[in-house]
Amino acid sequence: MWDTLIINPFTNVLVLIYTAIGHNFGIAIILFTILIRLVTWPLNGQQLKATKVMQDLQNDKEWQDIQKKYAKDREKLAQEQMRIYRERGINPFASCLPMLIQFPIIIGLYQSIIRALATNPLGLLQLARSLYPFLNSALLIPLNSKFLWMDLGRPEGIPFPGGFTLSFLPYGFPTLAIIVAVTTYLQTKLTMPPPSAGNPNDQTAAMNSMMSLYMPLFLGWLVLNYASGLAVYFVTSNVLGIVQYAMMGRVNWRNLLPGGSKPTPSKGK
Amino acid sequence: MKRLTIITFVLLGAVLLSACATSGGRGASWPGLSADANNAYLADGSLVYAIRLSDGAKVWQYPEKSAGQIFYSAPVITPDGQLLVGSAGNDHGLYSLDLATGKEKWAAPFKAEDHFFASPLVIGDAIYAPNNDGTLYVLKLSTGEKLWSLHISHSLWGAPVTNGKLIFVTSLDHFVYAVDPQTRQIAWKTDVGGSVPDSPALSTDGSTLYVGSFQNKLTALNAADGQIRWTADTKGWVWGAPAVEGDTVYTADINGDVYSFGAPNGKNAWPDIQPDGPITGSPLVLGDGVFVVTESGTGFAYDRNGTPLWPNGTTIGGKIYSTPVLAGDKILVTPMNTDFLLVALNSQSGSILWKFTGK
């Protein structure tokens, strides 16, 4: 079911793009990621707006007051929060729904790239079965996985000079892993809202702060060990994420400066 | 507490994405198998096993604990008691094990650029090991030292074969290559129209090469110069290497059809024979016919006229992609997605003799 509805169509679109642009899989991944981003653009926009509403609420004086007032009465706090949601017409789940819809798309995109790269015999058999008849798979396979200095089916690394090796960097200097880590860091930092001044327990800010540290490390590690085609997807996705935030006027450039993420003052009702 | 929750979420994400990107381990691709008079040698995921043929008991396993290597290609038994096995793990290694004990004799002291999916070929004191990086590595049999290498092309997944003069290598790039080990050059190459993921097969006199491809064809080539002698159509991709017996070339395709082509002319002698599922492994020539395994987990035997030897086949279970092996009076089959790794069948009756679970 997942294969039929998500992975197979995605894989075929990816391979179709690959065919149309003259058998360059790297460009195909970039264009496909852009395409998916465009398709999910309205969902992203909706999510960003809903997130902003919730963030503004965190800085709202009435909201902060009830947090303090009913800190020890969870039930009453929930009732008061619901009242504020009702009065202001806020749907607290409005930011989750677009994300939930996008999540399978992102996972599907990721899996379709892995499938198209077909790095072992069983993978190749799965790819062959995923391709629709209008794509002449017998002629297309093997896909050209060379892109710039990379083989997209393998982890990336530029060999150290003089045959020097490091056991923890078996493929050489991990250029792409660094680029992925840096762009992930930039995206998280630039799109991170400032913490609210009146709320020292701002959980969103704490979460964002942690994510800006762990996500780059995690994705960098992933790229070190898996096919570099995934890295092309991560970099493209990160850059597009920043562009989309910028176009919506939501990029917080000050976050890149030391001490730039100062709390925003709380607002009254 | 908050920090712990966040770290837990990040770790869960890591596990999820890593699972999506899994590139190795058991089940990520199909196992490789070989056998001698006493034991079967199974390369299955992170381990290589020696299994006693008489009762299916484990003799040894390599390594003792998984060490990042991943083995899919059929291990190769050498005349001097080595077992050669290439790794499809990120180590990109080729290893020599002691056939009797499974202890590592050497690990090739060079690093290929990619995985070893193909079994190597041993000729005299040299090992010819094709790699997924498109290179044929030639190593010293006693130590694994690299003697020379020849970059051929795209991924090389099929074990090479030789007629004593040339070494024949197939590639996913649609070409069959003949390498002259004397000159260390490509003697000829021929485009067969589709990827060739498995080995070629040689006629008994070594003059003709038979190659199955993704072009839905079996192609016969002149081994001396690579000229195409004939091509025969199949209904689906031919994945496994053809099997030659005298004047007959058996092959099967992923459409699930089995063929018996005449070696001189490529005429199919059999009516439509379609067992119960796609076939990726090579047909196995038995004394009185041929045996095939299907993805559906069943084994079928046919006599030379295409008449089933066992009426309904033998249900083995799981999914079977690997080429079966004949070891004395037993047929060895390696299913995936089941609790057992290796099954021995009676080659006469098809009945199951024992199953090996890895323990």
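The values are calculated or read from the model by the stated rules, or taken from the named source; none is laboratory data. A quick note: this is a predicted structure, and the numbers were derived from the prediction, not measured. With ideal geometry, Cβ positions are generated from the backbone for all residues, glycine too; neighbour counts draw on all protein chains shown.
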Original post:
Which of the residues belonging to the range B:267-296 are hydrophobic (A, V, I, L, M, F, W, C) and within 22 Å of B:A327 (Cα to Cα)?
Top reply: B:I279, B:L284, B:V285, B:L286, B:V290, B:F291, B:V292, B:V293
Subject >> Residue in the range B:276-302 that is nearest to the other protein chains (Cβ to nearest Cβ), counting only those that are farther than 21 Å from B:K235 by Cα and at pLDDT below 95 >> reply: B:L286
Original post:
When the residues of the range B:108-122 are filtered to those that are hydrophobic (A, V, I, L, M, F, W, C) and either exposed (fewer than 15 other Cβ atoms within 10 Å of the Cβ) or part of a loop (DSSP other than H, G, I, E, B) (or both), which remaining residue is farthest from the other protein chains (Cβ to nearest Cβ)?
Top reply: B:A108
Original post:
Is it true that A:T51 is at pLDDT below 90, assigned to a helix (DSSP H, G or I) and within 22 Å of the chain's Cα centre (by Cα)?
Top reply: yes
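Residue by residue, here is whether (1) in a strand (DSSP E or B); (2) touching a Pro at 6+ places or on another chain (Cβ under 8 Å); (3) among the aromatic types (F, W, Y) holds:
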site: B:T219; (1), (2), (3): yes, no, no
site: B:G236; (1), (2), (3): no, yes, no
site: B:S260; (1), (2), (3): yes, no, no
site: B:F291; (1), (2), (3): yes, yes, yes
site: B:F300; (1), (2), (3): yes, yes, yes
Original post:
Of everything in the range B:153-162 that's surrounded by 21 or more Cβ atoms within 10 Å (Cβ to Cβ) and within 14 Å of chain A (Cβ to nearest Cβ), which residue is nearest to A:K146 (Cα to Cα)?
Top reply: B:S155
Original post:
Scanning for something closer than 22 Å to B:S149 by Cβ and either more than 12 Å from chain A (Cβ to nearest Cβ) or not in a loop (DSSP other than H, G, I, E, B) (or both), does the range B:196-211 turn up at least one residue?
Top reply: yes
Original post:
List pairs: first in the range A:98-118 and away from every other protein chain (no Cβ under 11 Å), second of a type in the set (S, T, Y), Cβ under 7 Å, 6+ apart or cross-chain?
Top reply: A:Q102/A:T40; A:I105/A:T40; A:A116/A:T11
Original post:
Could you count how many residues in the range B:193-212 are surrounded by fewer than 24 Cβ atoms within 10 Å (Cβ to Cβ) and β-branched (V, I, T)?
Top reply: 2
Original post:
Has the range A:159-176 got at least one residue that is aliphatic (A, V, I, L, M) and more than 13 Å from chain B (Cβ to nearest Cβ)?
Top reply: yes
**OP:** Sort out which residues of the range A:128-146 are within 11 Å of chain B (Cβ to nearest Cβ) and either touching a His at 6+ places or on another chain (Cβ under 6 Å) or part of a helix (DSSP H, G or I) (or both), and write them in order of number.
**Re:** A:A128, A:R129, A:S137, A:A138, A:L139, A:L140, A:P142, A:N144
